[in-house]
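A.B. asks: Before we start, here is the structure in question, set down as structure tokens.
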Amino acid sequence: MALSKQQIAQRIAKELKDGYYVNLGIGIPTLVANYVPDGIEIMLQSENGLLGMGEFPDEEHVDADLINAGKQTVTAVKGAAFFDSATSFSMIRGGHVDLTVLGAFEIDEKGNIASWMIPGKLVKGMGGAMDLVAGAENIIVAMTHANKHGESKILKECSLPLTGVNCVKTVVTDLAVMELKDGAFHLKERAPGVSVEEIQEKTQAKLVVEGDIPEISF
Amino acid sequence: MTKGLNKVVESYDQALEGLKDDMLLMVGGFGLCGIPEGLIQKVADSGVKGLTCISNNAGVDGFGLGKLLEKRQIKTMIGSYVGENKLFERLFLSGEMEVILTPQGTLAEKIRATGAGIPAFFTATGAGTKVAEGKETKTYNGKEYILEEAYPKADFALVRAWKADRYGNLIFRKTAANFNPMIATAGKITVAEVEEIVEPGELDPNYIHTPGIFVHRVIQGKFEKRIEQRTVKGN
């Protein structure tokens, strides 16, 4: 069965390592914060100027001056730091953030990602996504494998305007965990009960399947 | 209007004296967080038109820069994310307003460069995308970078700070800093609307975010501090 959004986030959380600074995008990536493994210490970076983002506040601690990049009221953990937007993007562009998790409309086998614009529909803007994909060494894309009509979003070539080129390395979808290497997606894990054939069918890009593919565990 | 290094002005009229049609404005804030509310209201009340506004966002319907959209005062909007605003969408799609979408980090750095006297810089952000169209590229260590230019200095740079002294030294509060410190450096006239004005010496020099040299006018503001997405534990 395909993973829920929460399960995608839960699987991605297994990639978090002790001492990581992590930027989580809006949507599924935000949920990753709920599944940080026990015994490790990480700090969440929010590009509007916060390192050490905490959980949502109690009613009495809501502060209009303390928000995340999704403009939600949040808290700051002990040891957090506030800074301006230029400093924030020095962290991002300068490669200081260890892991970036973000959503996508489409990705392709060249490592390109499209996540900010659907021509003819509302254009909201790219926000910080282009800076994040250009600066991060380690990007995990969280997305659904296919659209609601069953058409693959894992493509030979993105059809939508790009957010960044040659930057995607790992993707966790509702069906699979894949790694991009040498112009092909390598299937690493599959959602419980989902067959390799189904993943193959919903992957337009070149998909390499080597040996037995284990089911995703949490 | 001001005396010596005393930057404090007594009214919004004084704070925005010299504001005219077709000017370039930079306005601090991220969403509605850290916006100079009273100054924006005053720009709206003044009725000036044909403005070019550089700001990460364009407010929401009826608040923040949304107020200037309502009165069609903005000719060109430059920002990274402007999606929380239905009127904005209409003005954009109908072509009534020109919109230049710019990646957030590039926007921040262009503003910083403006204030720092750096005419242009190379960045990997946007290389190979629509953002790179028409821009010079250069390859360093096998990676492609695009040339991004600084903006002209803003006729008015409008920022919000937490505390100021009469020399214009500023301290920002939490994530309300965001674009404000860079924008403060990039104005021909920088106006800081602040929550509290204190006497010189009361702000610890170790903790000044924006030194007063960048700031020309300081006004005591009054803020509603509207929240865009009120999220609390358990929802």
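A.B. asks: Which number in (1) under 20 Å from residue B:178 (Cβ atoms); (2) assigned to a loop (DSSP other than H, G, I, E, B); (3) away from every other protein chain (no Cβ under 14 Å) marks the one condition that residue B:191 misses?
C.D. replies: With respect to (1) under 20 Å from residue B:178 (Cβ atoms); (2) assigned to a loop (DSSP other than H, G, I, E, B); (3) away from every other protein chain (no Cβ under 14 Å), residue B:191 is out only on (2).
A.B. asks: Also: For the range A:108-129, state whether one or more residues are at the interface with chain B (Cβ under 8 Å from one of its Cβ atoms), within 24 Å of residue A:7 (Cα to Cα) and in contact with a strand residue (DSSP E or B) (Cβ under 8 Å, 6 or more places away or on another chain).
C.D. replies: Yes - at least one qualifying residue is present in the range A:108-129.
A.B. asks: Which condition from (1) of a type in the set (Gly, Ala, Ser); (2) at pLDDT 95 or above; (3) under 24 Å from residue B:28 (Cβ atoms); (4) surrounded by fewer than 19 Cβ atoms within 10 Å (Cβ to Cβ) is the one that residue A:159 breaks?
C.D. replies: Of (1) of a type in the set (Gly, Ala, Ser); (2) at pLDDT 95 or above; (3) under 24 Å from residue B:28 (Cβ atoms); (4) surrounded by fewer than 19 Cβ atoms within 10 Å (Cβ to Cβ), only one is false for residue A:159: (3).
A.B. asks: A further question follows. Looking at the range B:194-221, which of its residues are surrounded by fewer than 11 Cβ atoms within 10 Å (Cβ to Cβ) and within 14 Å of another protein chain (Cβ to nearest Cβ)? Break it down into steps so the answer makes sense when it comes.
C.D. replies: So in the range B:194-221, the residues surrounded by fewer than 11 Cβ atoms within 10 Å (Cβ to Cβ) come out as B:199, B:201, B:204-207.
B:207 - this is the single residue of the range B:194-221 that is surrounded by fewer than 11 Cβ atoms within 10 Å (Cβ to Cβ) and within 14 Å of another protein chain (Cβ to nearest Cβ).
A.B. asks: When you scan the range B:164-175, do you find a residue that is acidic (Asp, Glu), in contact (Cβ under 8 Å) with a residue 40 or more places away in the chain and farther than 18 Å from residue B:18 by Cβ, even just one?
C.D. replies: Taking the range B:164-175 first, the residues acidic (Asp, Glu) are B:165.
The next check asks that each one be in contact (Cβ under 8 Å) with a residue 40 or more places away in the chain; those that pass are B:165.
After this cut, where a residue has to be farther than 18 Å from residue B:18 by Cβ as well, the list is B:165.
Yes, the range B:164-175 has at least one match.
A.B. asks: Among the candidates B:3, B:20, single out the residue that is surrounded by fewer than 18 Cβ atoms within 10 Å (Cβ to Cβ), at pLDDT 95 or above and more than 23 Å from residue B:178 (Cα to Cα).
C.D. replies: On the way: B:3 fails: at pLDDT 95 or above.
After ruling out the rest, the residue left standing is B:20.
A.B. asks: I've got another one for you. Does residue B:84 satisfy being surrounded by fewer than 24 Cβ atoms within 10 Å (Cβ to Cβ) and within 12 Å of the chain's Cα centre (by Cα)? Give the derivation first.
C.D. replies: Numbers: surrounded by fewer than 24 Cβ atoms within 10 Å (Cβ to Cβ): yes; within 12 Å of the chain's Cα centre (by Cα): no.
No: the conditions fail for residue B:84.
A.B. asks: Could you tell me how many of the residues in the range A:48-95 are at positive phi and not in a loop (DSSP other than H, G, I, E, B)?
C.D. replies: Filtering the range A:48-95 for residues at positive phi gives A:49, A:52, A:71, A:79, A:95.
Remaining after also requiring not in a loop (DSSP other than H, G, I, E, B): A:52, A:79.
Residues that pass the stated criteria total 2.
A.B. asks: Could you tell me whether the range B:128-138 includes any residue that is closer than 27 Å to residue B:69 by Cα and touching a Leu at 6+ places or on another chain (Cβ under 6 Å)? It would help to see each step written out before you state the result.
C.D. replies: First pass over the range B:128-138, keeping only residues closer than 27 Å to residue B:69 by Cα: B:130-131.
The next check asks that each one be touching a Leu at 6+ places or on another chain (Cβ under 6 Å); those that pass are none.
No: the range B:128-138 contains no residue that is closer than 27 Å to residue B:69 by Cα and touching a Leu at 6+ places or on another chain (Cβ under 6 Å).
A.B. asks: Could you grab me the full set of residues in the range B:32-41 that are more than 11 Å from the chain's Cα centre (by Cα) and crowded, with 24+ Cβ neighbours inside 10 Å?
C.D. replies: Keep residues of the range B:32-41 that are more than 11 Å from the chain's Cα centre (by Cα), which gives B:32-33, B:37-39, B:41.
Passing the criteria: B:32, B:33, B:39.
A.B. asks: Okay, next question. Which of the residues belonging to the range A:69-106 are of a type in the set (A, V, I, L, M) and under 20 Å from residue A:36 (Cα atoms)?
C.D. replies: In the first step, residues of the range A:69-106 are kept if they are of a type in the set (A, V, I, L, M); the result is A:69, A:74, A:76-77, A:80-81, A:86, A:91-92, A:97, A:99, A:101-102, A:104.
The answer is A:69, A:74, A:76, A:77, A:80, A:97, A:99, A:101, A:102.
Each row is one residue, and each column tells you yes or no for (1) away from chain A (no Cβ under 13 Å); (2) closer than 25 Å to residue A:121 by Cα; (3) without any contact (Cβ under 8 Å) to a residue 40 or more places away in the chain.
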residue: B:33; (1), (2), (3): no, no, no
residue: B:40; (1), (2), (3): yes, no, no
residue: B:60; (1), (2), (3): no, yes, no
residue: B:80; (1), (2), (3): no, yes, yes
residue: B:93; (1), (2), (3): no, yes, yes
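A.B. asks: I'd like to check which strands (runs of 3 or more DSSP E) are fully inside the range B:57-164 and have at least 2 residues that are of a type in the set (Phe, Trp, Tyr) and closer than 24 Å to residue A:86 by Cα. Break it down stepwise before answering.
C.D. replies: Values: elements: B:74-79, B:98-101, B:120-123, B:137-140, B:143-149.
Fully inside the range B:57-164 and qualifying: B:120-123.
A.B. asks: Ok, one more. Could you tell me which residue of the range B:164-179 is nearest to the chain's Cα centre (by Cα), considering only residues that are within 7 Å of chain A (Cβ to nearest Cβ), surrounded by 24 or more Cβ atoms within 10 Å (Cβ to Cβ) and of a type outside the set (Val, Ile, Thr)? Give the derivation first.
C.D. replies: Step one: list which residues in the range B:164-179 are within 7 Å of chain A (Cβ to nearest Cβ), which gives B:173-179.
Among the residues that remain, those that are also surrounded by 24 or more Cβ atoms within 10 Å (Cβ to Cβ) are: B:175-179.
Applying the additional criterion that residues be of a type outside the set (Val, Ile, Thr) yields B:176-179.
Numbers: B:176: 12, B:177: 11, B:178: 9, B:179: 6 Å.
So the residue we want is B:179.
A.B. asks: Within the range B:129-139, does at least one residue satisfy the condition of being within 24 Å of residue A:162 (Cα to Cα), without any contact (Cβ under 8 Å) to a residue 60 or more places away in the chain, of a type in the set (Gly, Ala, Ser) and more than 14 Å from chain A (Cβ to nearest Cβ)? Walk me through how you get there before you give the answer.
C.D. replies: Looking only at the range B:129-139, we keep the residues that are within 24 Å of residue A:162 (Cα to Cα), and these are B:129-139.
Right, trim to without any contact (Cβ under 8 Å) to a residue 60 or more places away in the chain and you get B:129-139.
Imposing the further condition that a residue be of a type in the set (Gly, Ala, Ser) reduces the set to B:132, B:134.
Okay, now just the ones that are also more than 14 Å from chain A (Cβ to nearest Cβ), so B:134.
Yes, the range B:129-139 contains a residue that is within 24 Å of residue A:162 (Cα to Cα), without any contact (Cβ under 8 Å) to a residue 60 or more places away in the chain, of a type in the set (Gly, Ala, Ser) and more than 14 Å from chain A (Cβ to nearest Cβ).
A.B. asks: Shifting gears a bit: Being touching a strand residue (DSSP E or B) at 6+ places or on another chain (Cβ under 8 Å), in a helix (DSSP H, G or I) and at negative phi is the requirement here; does residue A:32 meet it? Outline the logic, then answer.
C.D. replies: Details: touching a strand residue (DSSP E or B) at 6+ places or on another chain (Cβ under 8 Å): yes; in a helix (DSSP H, G or I): yes; at negative phi: yes.
Taking the combined requirement at face value, the residue satisfies it.
A.B. asks: Taking into account only those residues within the range A:106-128 that are part of a loop (DSSP other than H, G, I, E, B) and in contact with a Cys (Cβ under 8 Å, 6 or more places away or on another chain), which is surrounded by the most Cβ atoms within 10 Å (Cβ to Cβ)?
C.D. replies: Checked the range A:106-128; the qualifying residue surrounded by the most Cβ atoms within 10 Å (Cβ to Cβ) is A:112.
A.B. asks: A further question on this structure: Return a yes/no flag: does the range B:68-77 have any residue that is away from chain A (no Cβ under 14 Å), buried (at least 23 other Cβ atoms within 10 Å of the Cβ) and under 15 Å from residue B:193 (Cβ atoms).
C.D. replies: Within the range B:68-77, the subset away from chain A (no Cβ under 14 Å) is B:68-76.
So of that shortlist, the ones also buried (at least 23 other Cβ atoms within 10 Å of the Cβ) come out as B:68-69, B:74.
Remaining after also requiring under 15 Å from residue B:193 (Cβ atoms): none.
No: the range B:68-77 contains no residue that is away from chain A (no Cβ under 14 Å), buried (at least 23 other Cβ atoms within 10 Å of the Cβ) and under 15 Å from residue B:193 (Cβ atoms).
A.B. asks: Just one of A:100, A:75, A:30 is out of contact with any Cys (no Cβ under 8 Å at 6 or more places or on another chain) and surrounded by 22 or more Cβ atoms within 10 Å (Cβ to Cβ); which is it? Full working, then the answer.
C.D. replies: Numbers: A:75 fails: surrounded by 22 or more Cβ atoms within 10 Å (Cβ to Cβ); A:30 fails: surrounded by 22 or more Cβ atoms within 10 Å (Cβ to Cβ).
The conditions single out A:100.
The values are calculated or read from the model by the stated rules, or taken from the named source; none is laboratory data. Not measured: the values here are computed from a predicted model. Note: ideal-geometry Cβ built from the backbone for every residue, glycine included; neighbour counts use all protein chains shown.
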